[in-house]
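Some notes on the structure that comes next.
The values are calculated or read from the model by the stated rules, or taken from the named source; none is laboratory data. Note that the structure is a prediction, hence the values are computed from the model and not measured. Positions of Cβ are backbone-derived with ideal geometry, glycine not excepted, and every protein chain shown enters the neighbour counts.
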Amino acid sequence: MAKKKTLFECQACGMQSPRWMGKCPNCGAWESFVELSAEQQKVLDEISKTSAGAPEARPITQIHEEEVTRFTSGDSELDLVLGGGIVPGSLVLIGGSPGIGKSTLLLKIGGNLARERKRVLYVSGEESGGQIKMRANRLGANHEDLFLLSEIRLEAVMAEVAKNRYDLIIIDSIQTLYSEAIPSAPGSVTQVRTITFDLMRLAKEKQLPIFIIGHITKEGSIAGPRVLEHMVDTVLYFEGDGSREIRMLRAFKNRFGSTSEVGIFEMTQEGLVSAKNIASKFFSRGRAQAGSAVTVIMEGSRPLVIEVQALVADSGYGNPKRSTTGYDSSRLTMLLALLEKKLDLPFGQYDVFVNIAGGIKISEPAADLAIIAAIISSFRNRPLSDESIFIGEVSLIGDIREVFHLEQRLKEAHTLGFTKAIVPNKPSFKTPLKCFVADEVAKVVEWM
């Protein structure tokens, strides 16, 4: 009699082991290993055999390039992030915190496509048809070609797709679906992996685009195994504060386009809509105040003018606080150490707080100069000119270095009424702004 094969799987990351372990060596989760039944192991073997076919290798010169066709989603911001539109046969995963607008956006997209006589199937495992109907009324998404299916069984969804023709499928959400072939709870690693594989095969065979909504963990990543993100063609993440109206959609993986673009939406009573006028969302043109500086960052091909706010206050304790919102805290620590060394400013005795206005998160080093200007302005209680912008990357040795797309940044600043710019080098092109050169940190003080 053959010996029974035992296999355990981590329900946090999907790692497999022939024996049970209290702590997962891959992700560090405790008590997460569950023994897979014989049926579950059989399904996993079938998936691996199906995906492990080895076609005959051919010279790359004999391979014909596939032409990627697209159709519009009816939303310019989503089309921008996707790389120009929806690709037939693509599998797109959208993640984000609860209530940020994932379901709202996709229901609105479904309504847009149904209005253009494309048949859309919206599968919901979390809400009833009546609840979705109420939201569709608010979003203006009531059209004859938008079909709702409240179902959590994968086999029922597959039967519906086989019975009727659809141009787009929306799954809300992948963690609520389950396959009857897998004897485990919905949302488990095995269920998510199996269902995603079946949906991927469906998308490729029928050239049918499928959008999947995925829950995220408290760490901000898609819940389930990491292989989920590897199996899909595109991974999109919603960013934003639930208390603010601005939402940002970024692509972290895109097989059909760039990952540098970002879509900006505004939450209104009509749902998520493309932000038509975002110029004034991230800064205000009130009277000049100490601790406020303005810079221009690039989000993909789009320049954004943002306000940087800093507060420097006496530390009431021996260990001064360093706090950031929307900015890298470790980079703030580096900039403060640089200011102490180059300008002899005693920040070791002060609490320093930095905030990026508008709820946006930035990682571009071009904002370094504005961060430094805002900190020094707050420290000296001296307001900066409300007509000036600060653009430049600060190095560890105190140099201020050039940034990419300076011409686009200055054009955007001029459009919004700014007249002065502090930059690392004199621009090689004509610009209506009066540019002041600050190629090292010490010179920043001269223009304040």
- Message: Checking Arg409 against (1) more than 16 Å from Val305 (Cα to Cα); (2) buried (at least 22 other Cβ atoms within 10 Å of the Cβ); (3) in contact with a strand residue (DSSP E or B) (Cβ under 6 Å, 6 or more places away or on another chain): exactly one of these is not met. Which one?
- Response: (1)
- Counting only residues in region 412-430 that are surrounded by fewer than 13 Cβ atoms within 10 Å (Cβ to Cβ) and touching a residue at least 12 places away in the same chain (Cβ under 8 Å), the one nearest to the chain's Cα centre (by Cα) is identified as Thr415
- Query: Taking the condition exposed (fewer than 13 other Cβ atoms within 10 Å of the Cβ), in a loop (DSSP other than H, G, I, E, B) and out of contact with any Cys (no Cβ under 9 Å at 6 or more places or on another chain), does Pro98 pass?
  - Reply: yes
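On the basis of being modelled with pLDDT under 90, of a type in the set (Asp, Glu) and either in a strand (DSSP E or B) or under 19 Å from Leu272 (Cβ atoms) (or both), does Glu67 make the cut? Full working, then the answer.
Numbers: modelled with pLDDT under 90: yes; of a type in the set (Asp, Glu): yes; either in a strand (DSSP E or B) or under 19 Å from Leu272 (Cβ atoms) (or both): no.
When the stated conditions are applied, Glu67 does not pass them.
May I ask you to say which residue of Ser150, Ser179, Ser173 is modelled with pLDDT under 95, small (Gly, Ala, Ser) and over 20 Å from Ile109 (Cβ atoms)? It would help to see each step written out before you state the result.
Numbers: Ser150 fails: over 20 Å from Ile109 (Cβ atoms); Ser173 fails: over 20 Å from Ile109 (Cβ atoms).
Just a single option satisfies the conditions, and that option is Ser179.
Considering only region 344-361, I want to know if a residue exists there that is part of a loop (DSSP other than H, G, I, E, B) and either small (Gly, Ala, Ser) or within 27 Å of the chain's Cα centre (by Cα) (or both). Spell out the reasoning first.
Our first condition is that a residue be part of a loop (DSSP other than H, G, I, E, B); within region 344-361, this holds for 344-346, 360-361.
Restricting the remaining residues to those that are either small (Gly, Ala, Ser) or within 27 Å of the chain's Cα centre (by Cα) (or both) gives 360-361.
Yes: region 344-361 contains one or more residues that are part of a loop (DSSP other than H, G, I, E, B) and either small (Gly, Ala, Ser) or within 27 Å of the chain's Cα centre (by Cα) (or both).
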- Message: Here is a check on your reading of the model: is Val352 hydrophobic (A, V, I, L, M, F, W, C) and farther than 26 Å from Ser301 by Cα?
- Response: yes
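In this structure, does Ala290 turn out to be in contact with a helix residue (DSSP H, G or I) (Cβ under 8 Å, 6 or more places away or on another chain), closer than 18 Å to Pro383 by Cβ and not in a strand (DSSP E or B)?
Values: in contact with a helix residue (DSSP H, G or I) (Cβ under 8 Å, 6 or more places away or on another chain): yes; closer than 18 Å to Pro383 by Cβ: yes; not in a strand (DSSP E or B): yes.
It is true that Ala290 is in contact with a helix residue (DSSP H, G or I) (Cβ under 8 Å, 6 or more places away or on another chain), closer than 18 Å to Pro383 by Cβ and not in a strand (DSSP E or B).
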- Message: Here is a check on your reading of the model: is Lys42 farther than 30 Å from Gly257 by Cα, surrounded by 11 or more Cβ atoms within 10 Å (Cβ to Cβ), at pLDDT below 75 and of a type outside the set (Phe, Trp, Tyr)?
- Response: yes
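Listed here are the residues, each with its yes/no results for (1) out of contact with any Phe, Trp or Tyr (no Cβ under 8 Å at 6 or more places or on another chain); (2) surrounded by fewer than 22 Cβ atoms within 10 Å (Cβ to Cβ).
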{"site": "Gly348", "(1), (2)": "yes, yes"}
{"site": "Val354", "(1), (2)": "no, no"}
{"site": "Glu364", "(1), (2)": "yes, yes"}
{"site": "Asp368", "(1), (2)": "yes, no"}
{"site": "Ser395", "(1), (2)": "yes, yes"}
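Touching a Phe, Trp or Tyr at 6+ places or on another chain (Cβ under 7 Å), surrounded by 19 or more Cβ atoms within 10 Å (Cβ to Cβ) and either part of a helix (DSSP H, G or I) or at pLDDT below 80 (or both): which single residue out of Leu249, Leu336, Leu332 fits that description? Walk me through it before giving the result.
Numbers: Leu249 fails: either part of a helix (DSSP H, G or I) or at pLDDT below 80 (or both); Leu332 fails: touching a Phe, Trp or Tyr at 6+ places or on another chain (Cβ under 7 Å).
Step by step, each of Leu249, Leu336, Leu332 is checked, and only Leu336 is touching a Phe, Trp or Tyr at 6+ places or on another chain (Cβ under 7 Å), surrounded by 19 or more Cβ atoms within 10 Å (Cβ to Cβ) and either part of a helix (DSSP H, G or I) or at pLDDT below 80 (or both).
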- Message: For the list (1) within 13 Å of the chain's Cα centre (by Cα); (2) among the β-branched types (Val, Ile, Thr); (3) modelled with pLDDT of 75 or more, I need the number of the one condition that Ile222 fails.
- Response: (3)
- Query: Would you call Glu126 assigned by TED's automatic domain parsing to the domain that holds Met267, surrounded by fewer than 20 Cβ atoms within 10 Å (Cβ to Cβ) and touching a Ser or Thr at 6+ places or on another chain (Cβ under 8 Å)?
  - Reply: yes
- Task: Return yes or no: is Phe404 among the aromatic types (Phe, Trp, Tyr), in the same structural domain as Glu299 (by TED's automatic domain parsing), touching a strand residue (DSSP E or B) at 6+ places or on another chain (Cβ under 8 Å) and surrounded by fewer than 22 Cβ atoms within 10 Å (Cβ to Cβ)?
- Result: yes
- Residues of region 253-271 satisfying the condition of being in a strand (DSSP E or B) and at pLDDT 90 or above: Lys253, Asn254
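Could you list, in sequence order, the residues of region 378-420 that are of a type in the set (A, V, I, L, M, F, W, C) and not in a loop (DSSP other than H, G, I, E, B)?
First, the residues of region 378-420 that are of a type in the set (A, V, I, L, M, F, W, C): 379, 384, 389-391, 394, 396-397, 400, 403-404, 406, 410, 413, 416, 418.
Once the filter is applied, which keeps residues that are of a type in the set (A, V, I, L, M, F, W, C) and not in a loop (DSSP other than H, G, I, E, B), region 378-420 yields Phe379, Ile389, Phe390, Val394, Ile400, Leu406, Leu410, Ala413.
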- Does region 135-147 include one or more residues that are buried (at least 17 other Cβ atoms within 10 Å of the Cβ), of a type in the set (Lys, Arg), closer than 24 Å to Ser274 by Cβ and in contact with a helix residue (DSSP H, G or I) (Cβ under 8 Å, 6 or more places away or on another chain)? no
- Message: Looking at Lys341 and the list (1) closer than 30 Å to Ser76 by Cα; (2) part of a helix (DSSP H, G or I); (3) charged (D, E, K, R), which single condition is not satisfied?
- Response: (1)
- Are any residues in region 374-411 among the small types (Gly, Ala, Ser) and under 27 Å from the mean Cα position of the chain (by Cα), and if so, which ones? Gly392
